[in-house]
1. Within region 299-351, which residues are among the hydroxyl-bearing types (Ser, Thr, Tyr) and more than 14 Å from the ligand (Cβ to nearest atom)?
2. Based on this model, can you work out whether Gly220 counts as open to solvent by 10 Å² or more (accessible area, probe 1.4 Å), touching a residue at least 12 places away in the same chain (Cβ under 8 Å) and touching a helix residue (DSSP H, G or I) at 6+ places or on another chain (Cβ under 7 Å)?
3. What is the number of the single condition among (1) closer than 27 Å to Asp258 by Cα; (2) in a helix (DSSP H, G or I) that Gly100 does not meet?
4. Do we find that Leu58 is surrounded by 21 or more Cβ atoms within 10 Å (Cβ to Cβ), at pLDDT 95 or above and not in a loop (DSSP other than H, G, I, E, B) in this structure?
5. Output the residues belonging to region 141-156 that are open to solvent by 20 Å² or more (accessible area, probe 1.4 Å) and under 28 Å from the mean Cα position of the chain (by Cα).
6. Among the strands (runs of 3 or more DSSP E) confined wholly to region 245-287, which include 2 or more residues that are open to solvent by 10 Å² or more (accessible area, probe 1.4 Å) and of a type in the set (A, V, I, L, M, F, W, C)?
7. If you go through region 17-41 one residue at a time, how many are outside any helix (DSSP H, G or I) and buried (at least 24 other Cβ atoms within 10 Å of the Cβ)?
8. Looking only at region 197-207, filter to residues that are within 16 Å of Pro27 (Cα to Cα) and either open to solvent by 30 Å² or more (accessible area, probe 1.4 Å) or within 11 Å of the ligand (Cβ to nearest atom) (or both); which one of those is nearest to the chain's Cα centre (by Cα)?
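The values are calculated or read from the model by the stated rules, or taken from the named source; none is laboratory data. Everything numeric here is computed off the predicted structure, so don't read it as measured data. For neighbour counting, all protein chains shown are included, and Cβ atoms are generated from backbone atoms with ideal geometry for every residue, glycine included. Side chains included, ligands, DNA and RNA excluded: accessible areas come from the protein's heavy atoms. Shrake-Rupley method; radii C 1.70, N 1.55, O 1.52, S 1.80 Å.
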Amino acid sequence: MDKLVINGGHRLTGSVTASGSKNSALPLIAATLLCGNGTCLLERIPDLKDTRTFRELLAYLGADLSYSGTTLRISTRNLQSIQAPYELVKKMRASIYVLGPLLARFGRAEVSLPGGCAFGPRPIDLHLMAMEKLGASITIRNGYIDATVSSGRLHGAHIEFPISSVGATGNAVMAASLAEGTTTISNAAIEPEITALCDFLTAMGARIDGAGTTTLTIEGVPSLQPASFTNIFDRIEAATLLAAGAITKGTVTVNGVDATHLAAVLKKFEQAGCTITIDRDTITLQSPETLHPTDIIASPYPLFPTDMQAQWIALMTQADGISQIIDKVYHERFNHIPELNRLGANIEINTNEAIVHGPEQLTGTTVMSTDLRASACLVLAGLVAQGTTEVLRVYHLDRGYEKIEEKLRHLGADIRREHYQEFSR
Ligand code: EPU
């Protein structure tokens with residue numbers, strides 16, 4: 001396994017470019033399953049563990065893929081399987097994104113149930129509800145979702161989500177694009193990744209109205225055509241890099257970002273005392289000498305993202321006072337806190353909120369990654385900790401951050417990757 005070894009205490013300065021978004025790349029790749037003729041071309045697809053797993057999943061289904069630079073070409077003309085096996089789904093919950101496209105194109109899909117998640121329950125009932133509304137019959141058998149459409153083709157329906165779900169909205173839009181008739185989706189997720197998916201589907205010939213709003217109307221079409229699409233930049237990676245500037249009292253510029261995607265996060269950086277300058281697709285963060293404590297409530301877009309909650313907690317360990325952190329999307333997403341406390345942070349968890357008492361001088365030790373954003377949070381803490389921090393199980397980080405240590409090194413961090421053997425008892 002790999003670990004990151006960080007010698008903290010360096011002020012980060014300079015500029016880096018954000019990679020393509022992981023969380024839009026995955027549904028974009030899934031959407032190519034809807035197009036039975038020709039080759040789709042996706043640009044700015046990051047080379048990450050999760051995008052590799054998704055490519056592997058499509059190859060397993062029989063797709064023909066080639067990846068060069070950040071360009072991914074996919075032909076799903078000759079698919080041979082409608083089954084997403086446990087071996088791949090267990091590596092990545094987002095594999096559920098193949099459910100809608102396979103059902104819509106073939107009238108049949110078998111997708112392994114994703115299983116547990118490191119930060120609490122992550123059900124898939126809304127995905128299944130949406131597919132049932134569109135005419136699928138679903139049974140759960142031997143750990144698999146077995147979904148069939150008796151008439152062969154899904155039909156339009158009204159789908160009302162009781163809560164906002166990125167994945168269920170994505171699955172519903174993809175499935176409805178090939179369904180017979182009109183589908184309306186109420187309380188649709190409005191994350192930029194869903195808007196990007198709608199834009200790609202539209203480029204393929206789907207008829208979607210209301211992209212970027214909570215009500216989507218989809219006029220199903222009999223088939224979709226191959227299309228080219230450039231993925232959006234990764235707003236969470238960009239925000240994490242800005243946080244690296246903020247926590248080290250540095251000045252960091254991230255290129256290639258749509259600042260509107262980060263409005264809520266940038267506002268919080270400003271409340272914390274950082275100076276934010278936006279110039280077209282470039283954001284510069286200049287850190288104050290003293291960070292102000294700043295509360296956040298992680299919620300669906302356009303509010304503060306849950307995927308920045310852990311990194312924000314790391315930042316607040318350096319603020320002068322008490323900050324309250326609530327996550328309304330994943331109430332139990334606090335696995336990073338015991339590890340941060342091992343680095344010397346003073347954070348309490350009261351049921352669904354974290355109370356961060358800052359500022360604390362963190363001191364380096366060995367810490368364990370438990371999930372993707374928890375790992376990013378520990379890396380940020382390592383950048384400011386006195387001495388050496390070793391972040392173990394970096395494979396979590398590799399799921400969603402492309403060349404993170406290179407980018408941080410470029411900004412002046414003392415960080416390196418090392419291989420290690422984990423002892424088993
Ligand atoms: N939910 C249900 N039932 C469902 C689906 C979701 O109750 O069928 C609940 C979830 O448990 C959660 C809330 O709805 O409380 C929102 O979950 P959502 O479906 O929006 O999450 P997701 O689509 O599974 C994506 C990202 C996550 C990100 C969330 C929230 C991808 C591949 N994953 O997950 O990203 O945290 O949206 O924004 O897009 C990450 O990148 O680290 C990550 C976990």
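1. Thr317, Ser323, Thr351
2. In short, yes.
3. (1)
4. Considered against the rule, which asks whether it is surrounded by 21 or more Cβ atoms within 10 Å (Cβ to Cβ), at pLDDT 95 or above and not in a loop (DSSP other than H, G, I, E, B), Leu58 comes out as yes.
5. Within region 141-156, Gly143, Tyr144 meet the criteria.
6. 275-279
7. Counting residues in region 17-41 that are outside any helix (DSSP H, G or I) and buried (at least 24 other Cβ atoms within 10 Å of the Cβ) gives 6.
8. Only one residue tops the list, namely Leu197.
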